[in-house]
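Here the structure is laid out as structure tokens; the discussion comes afterwards.
The values are calculated or read from the model by the stated rules, or taken from the named source; none is laboratory data. Quantities reported herein were computed from a predicted structural model and do not represent experimental measurements. Using ideal geometry, Cβ is built from the backbone for each residue, glycine included, and neighbour counts are taken over all protein chains shown. Just the protein is used for accessible areas: all its heavy atoms, side chains included, with ligands, DNA and RNA removed. Shrake-Rupley method; radii C 1.70, N 1.55, O 1.52, S 1.80 Å.
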Amino acid sequence: MELLAPAGSWTAFLAAIKNGADAVYIGGKNFSARQYAENFDIKQIDRAVEYAHLRGKKVYVAVNTLVDNSEFSAVLDYIWELYECNTDGIIVQDLGLLDAVRRIIPMIRVHASTQMTVHNAEGVQFLKELGATRVILSREMSLDELRIIRHEAEDVEIEVFVHGALCFSYSGQCLFSSIVGGRSGNRGRCAQPCRLAYDLHASKRKPRLKTPGKGRYLLSPADLCLVDYLLEMKKIGIASLKIEGRVKRPEYVAVVTRVYREVLDMIQSDPDYKVPEELKKDLLKVFNRNFTSGHFTGNRTGFLSTKRPNNRGIYVGRVADQDKDFNTSIRLSDTVNIGDGLEIWVNKGKTPAFIVKEMQVSGKPAVSAQSGDIVNMRVNSKVFPGDRVFKTHDDALLSEAARSYQEESKITVDAEVYLHWGEPLRLVLSDEQGNRTDAFSRSNAQVADRHPLDRSVLTEKIGRLGNSPFRLRKCTVYSDGDLMIPFSEINDTRRRAVEELIQLKTESYRRAPADRETYRSLKEKYLSSAGSEKSEAQIPALSIAVSGIKEACSAVEAGADRVYIALEGIGRQQKIGLNELRELITWAVERRSEIVPALPRIQKPGNVKDWENLLDTGCMTVMAGNLGALKWCIDKKINTVADYSLNIFNSYSFRCLLELGVQGSCLSPELNFSQLHEFEDIKKAEIIVHGEIILMVSEYCMLSDVLGRAGEKCPGYCKQDDYYIQDEKGYKFPLATDAYCRFYIFNSRTLCLIDDLDQILSLGPGSIRIESRRSSCQQIESTVTMYRKALDELAKGKKVDLGWYKQQLACVSSSPFTKCHYYRGVL
């Protein structure tokens with residue numbers, strides 16, 4: 001298995017390579033999902049690739065953001081440059097970009113990012129057919145689910161995350177940072193709202209809910225650590241183990257990579273190997289929010305880190321006493337050294353955090369204190385007996401990690417020099433991997449008049465490897481005696497031998513040469529064929545997304561042309577039955593309305609078969625919310641609509657789906673009006689104009705965690721009340737679950753564009769959509785009625801007071817209105 005480490009800087013890159021990574025993933029200055037890392041320019045990427053290849057390692061470059069229409073030409077040029085750098089692969093999120101690379105630069109390997117939310121075998125196969133050679137699965141997969149996917153998709157490499165930060169939401173399905181703060185995670189600028197404090201409220205109870213033993217960081221997951229389960233992943237055929245952390249410091253990369261390397265090497269020789277506690281402790285010391293196995297084992301105890309959203313370090317003792325001058329005694333349960341960083345968790349006031357500069361044990365100055373010692377030091381803040389003390393900076397560990405990458409290591413080579421009269425000097429360079437190169441001088445050796453070349457002189461000349469990646473270990477000289485070759489000839493021979501060895505060591509990584517003019521021609525053709533005609537203004541169909549049968553009936557009776565019904569039953573905690581769906585479809589047809597079953601955006605291997613008989617209901621169209629569902633629909637040759645969860649952010653993703661046979665797509669709610677106007681033809685597109693946008697979809701139910709007790713079977717908290725979380729600014733975000741116990745967070749504001757309908761219509765979309773997955777029948781009836789009347793009046797050419805309609809909608813809305821991104825856009 002490949003050990004894949006992160007690097008957000010050159011120093012972190014060296015830390016990864018020197019501590020045992022088989023491959024390193026990095027990002028460029030643009031189009032990378034970690035825009036706040038230092039990242040690499042193209043020259044640095046070229047340098048990193050050569051550095052890695054000379055040492056038998058690989059480099060993957062993340063191009064894993066959604067791409068705007070205006071950026072498409074530039075991102076393709078960038079990928080072409082990456083190809084010319086011999087990059088081992090690129091990591092891609094954007095569906096249109098994946099399609100473009102397959103058609104224009106098919107020689108480069110493409111890895112499908114975890115941002116594509118792939119969590120079933122059908123999704124893996126779909127991406128393989130689009131040109132992906134590796135798929136990075138969602139972090140929410142269990143071992144059994146991984147085993148099923150490997151069995152059903154054997155011919156595609158599978159990569160999984162094994163260590164580092166977790167997102168509360170499925171990657172690629174989070175709009176929290178985007179909608180609330182304008183910084184899109186899909187564009188590499190997530191502001192991490194999941195690490196902020198929230199209060200939990202229930203609608204039937206006014207005070208915020210008390211959560212004994214829990215903190216206020218209700219959406220903050222602990223860090224993933226699967227170091228104990230590497231053998232299991234090896235047995236099922238996982239290709240690559242990924243460490244998260246492109247924004248982490250180089251010392252973190254060094255320590256985590258070293259630990260996982262050591263464990264992988266040990267299980268290779270000893271399948272019964274158990275990871276020593278000391279290695280696990282190193283992982284804790286370098287950074288942790290507590291560790292969890294995530295969803296891998298099925299035991300999700302400790303999944304959230306509700307008391308702290310950042311590094312908690314390791315527990316090292318408790319405060320014993322503090323005098324009026326802040327001289328503090330701490331009873332230790334672990335080692336503390338001068339230079340370590342400590343935090344004291346207090347119940348009142350600000351948590352003291354400081355570097356230990358001096359301390360005393362038994363009244364004497366000490367540089368180190370051990371478990372059981374009572375250490376005395378000055379703490380410039382009030383603390384109390386019993387307060388816990390944590391070490392958040394282990395100076396010895398971090399110093400050792402830093403030493404591991406301080407110098408760029410040279411590759412050891414041996415030299416053999418053959419010097420015989422009347423023959424060219426022959427230089428053989430060889431490395432530890434068995435690579436050998438021969439180079440010959442351009443002139444022959446002659447008898448020396450005064451200064452013959454002896455072993456020491458030849459060793460010194462050959463050893464001048466300067467800026468090359470090599471270091472001479474041993475030089476063996478075979479010579480007839482007092483002979484001479486000009487020094488310039490020796491230097492030239494050495495230079496050519498070095499170049500040949502570099503070529504030999506990197507030969508297997510070099511890509512076949514490609515013609516730049518051919519690339520430019522293919523790119524121009526691809527970009528120019530995105531669409532030739534603008535859609536004419538038309539009255540679009542009126543669609544609505546709901547979660548229940550009664551709600552669907554209300555929408556039909558109010559005049560909806562199309563009703564998407566969420567089969568997972570968001571807010572109802574009950575799946576839609578096929579018999580009742582069949583009756584609903586027949587009933588709606590009689591009223592000239594279409595019912596469209598909406599497959600869940602999450603369909604893990606055990607869920608996919610739930611809807612095998614869906615077509616028996618008589619439905620004519622199905623909406624797909626994930627790539628696996630999309631493939632299922634396409635393979636069944638049924639009319640398919642792609643939901644906005646597929647992140648259709650540009651014309652090329654839109655066109656890709658249409659060419660695959662999809663009848664229409666709901667465009668990303670992260671697009672603004674200016675970007676929508678850049679779409680050449682969106683008469684088969686749908687635009688969301690009203691409703692509560694889903695900000696997060698999570699496999700983990702926070703309610704069960706913070707309201708329940710560890711090990712307790714969930715009593716169904718979600719059925720007992722309607723809940724919301726409230727942030728520090730007072731914004732309230734509604735919560736819901738579905739029949740699979742998945743967890744949803746909705747926006748605190750309701751999107752409303754009814755007063756912008758004239759601008760919406762000028763775009764020419766085929767459909768506009770209302771999102772009403774949480775709405776009551778009355779709200780649905782009122783909302784659909786208002787939009788139906790407004791559209792009908794616009795169709796008749798009447799002058800419509802759209803502001804009046806907005807006022808009527810405000811009377812039935814659950815929250816104040818917002819325009820979301822339609823005017824401001826995202827970073």
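Helix 549-558 and the longest principal axis of the Cα set of the chain meet at an angle near 60°. Solvent-accessible area of the chain (1.4 angstrom probe, protein heavy atoms only): carbon and sulfur portion equals 46 percent.
Converting phi to 3J(HN,Hα) with the Karplus coefficients 6.51, -1.76 and 1.60 and the offset θ = phi - 60°, the range 38-49 yields 5, 6, 10, 7, 5, 5, 5, 5, 4, 5, 5, 4 Hz in sequence order, with x at every glycine or proline.
If R0 is taken as 35 Å, the Cβ-Cβ distance between residue 480 and residue 503 corresponds to a FRET efficiency of 0.70. The overall shape of the range 169-245, judged from the alpha-carbon gyration tensor, is oblate: a/c is not under 1.5, and a/b is no greater than b/c.
List the relative contact order of the range 452-543 as a percent without decimals, with contacts defined as Cα pairs under 8 Å and 6+ residues apart. Working shown, then result.
Details: 25 pairs, mean separation 23.8, N = 92.
Dividing the mean separation by the residue count of the range 452-543 yields 26 percent.
If you take the Cα centroid of the range 231-288 and the Cα centroid of the range 59-118, the two points sit 28 Å apart. From the alpha carbon centroid of the range 447-525 to that of the range 609-668 is 57 Å. Take the Cβ atoms of residue 674 and residue 529, set R0 to 22 Å, and the FRET efficiency comes out at 0.50.
In order along the range 387-400, phi translates into HN-Hα couplings of 4, 7, 10, 10, 9, 9, 9, 9, 4, 5, 5, 6, 5, 5 Hz, rounded to whole numbers, per the Karplus curve 6.51 cos²θ - 1.76 cosθ + 1.60 with θ = phi - 60° and x for Gly and Pro.
Placing +1 on the Cβ of each Lys and Arg and -1 on the Cβ of each Asp and Glu in the chain, which of 117, 647, 791 has its Cα farthest towards the positive end of the resulting dipole? Projecting each Cα onto the dipole axis, the largest value belongs to 791.
Approximating the spin labels as points 7 Å out from Cα along Cα→Cβ, the residue 374-to-residue 234 distance works out to 4.9 nm. Rolling a 1.4 Å probe over the protein heavy atoms gives the range 351-442 an accessible area of 54 Å² per residue.
Peptides 662-675, 407-420 ordered by packing proxy, namely the average of other Cβ atoms within 10 Å per residue, highest first: 662-675, 407-420. Computed from Cα atoms, the angle from the helix 777-795 axis to the main principal axis of the chain rounds to 90 degrees. A simple spin-label model places the labels of residue 73 and residue 811 5.2 nm from each other, with each point 7 Å out along Cα-to-Cβ. Taken one residue at a time, the phi angles of the range 618-635 give Karplus couplings (6.51, -1.76, 1.60, θ = phi - 60°) of x, 5, 9, 9, 10, 9, 9, x, 8, 5, x, 5, 4, 5, 4, 5, 5, 5 Hz. Gly and Pro are set to x.
If both residues of a DSSP beta bridge must be in the range 658-769, then about 70% of such bridges are antiparallel. Each peptide in 143-152, 342-351, 509-518, 681-690 receives the mean, over its residues, of other Cβ atoms within 10 Å, and ordering these scores from highest gives 681-690, 143-152, 342-351, 509-518.
For the range 548-686, the per residue solvent-accessible surface stands at 36 Å², with DNA, RNA and ligands left out and a 1.4 Å probe.
When you restrict to C-alpha pairs under 8 Å that are six or more residues apart and normalise by the size of the chain, the relative contact order lands at 13 percent.
Shape of the range 102-164 from its Cα gyration tensor (a ≥ b ≥ c, root eigenvalues): rounded if a/c is under 1.5, otherwise prolate when a/b > b/c, or oblate? Prolate, because a/c is 1.5 or more and a/b exceeds b/c. You can think of it this way: the chain between residue 762 and residue 43 has 254.4 nm of extra reach, that is 0.36 nm per residue less the Cα-Cα gap.
Taking 0.36 nm per intervening residue step and subtracting the Cα-Cα distance, what contour gain separates residue 265 from residue 788 on full extension? Intermediate values should be presented prior to the final figure.
Values: separation 523, 0.36 × 523 = 188.28 nm, distance 6.54 nm.
In short, 181.7 nm is gained.
Judged by the ratio a/c of the largest to the smallest principal axis of the C-alpha gyration tensor, the chain counts as oblate, that ratio being 1.5 or greater while a/b is no larger than b/c. Here's the picture: a label point sits 7 Å out from the Cα of residue 403 along the beta-carbon direction, and within the range 305-340 the residues with their amide nitrogen under 19 Å of it are 336-340.
For residue 648, nonlocal amide neighbours, meaning residues 5 or more places apart or on other chains whose placed amide H falls under 5 Å from its own, are 668. If only the Cβ of Lys and Arg carry +1 and only the Cβ of Asp and Glu carry -1, the dipole of the chain around its Cα centre is close to 2360 debye.
Taking each residue as 0.36 nm, the span from residue 396 to residue 420 lengthens on full extension beyond its C-alpha to C-alpha distance by 3.2 nm.
What FRET efficiency comes out for residue 515 versus residue 433 if R0 is 35 angstrom and r is the Cβ-Cβ distance? Round to the nearest 0.05. List each step's numbers first, then the result.
On the way: r = 33 Å, r/R0 = 0.94.
Efficiency, from the Cβ-Cβ distance: 0.60.
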